């Protein structure tokens, strides 16, 4: 087990629930339906990858390797870049700030998620 990955997952999971509740109850009066949908996508992908992060942390006990650690690190990076950029984009759009280029960061987070899943695959298919 890799406690650092699991602890990060626990914190990020709590943050996902808090942000989801905030969106459901507090943002409806400030965000349009389109912006709220983007925010909900960010929360959803963050929460999906909390489970991936827990899995990487637990699987590290059976498959201890740099690849398994990297799978976890890539999931964390994806959460920051994908969900984080979408949260920021929602704020930028709601405040009508001229910073919509932030949306260009989001695909890099998606690539980090994909790389994390591929690294997880590589870590569990290594030869003993």
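The values are calculated or read from the model by the stated rules, or taken from the named source; none is laboratory data. All values derive from a computational prediction rather than experimental measurement. Neighbour counts are summed over all protein chains in view; Cβ atoms, including those assigned to glycine, are modelled from backbone coordinates with ideal geometry.
Before moving on, here are some points about what is shown:
- Qualifying residue in the stretch 41-49 (condition: more than 19 Å from residue 15 (Cα to Cα) and assigned to a helix (DSSP H, G or I)): no
- Within the stretch 77-105, residues that are more than 25 Å from residue 8 (Cβ to Cβ) have Cβ atoms under 6 Å from residues that are surrounded by 15 or more Cβ atoms within 10 Å (Cβ to Cβ) and modelled with pLDDT of 90 or more in these pairs: 103/89, counting only partners at least 6 apart in sequence or on another chain.
- Residue list for the stretch 59-78, restricted to those being within 9 Å of residue 120 (Cα to Cα) and out of contact with any helix residue (DSSP H, G or I) (no Cβ under 9 Å at 6 or more places or on another chain): none
- Taking the criterion of being part of a helix (DSSP H, G or I) and crowded, with 17+ Cβ neighbours inside 10 Å, the residues of the stretch 50-62 that qualify are 50, 52, 53, 54, 55, 56, 57, 59.
- Filter result (free of Cβ contacts under 8 Å to residues at least 40 places away in the same chain, farther than 28 Å from residue 28 by Cβ and touching a helix residue (DSSP H, G or I) at 6+ places or on another chain (Cβ under 6 Å)) within the stretch 106-128: 108, 112
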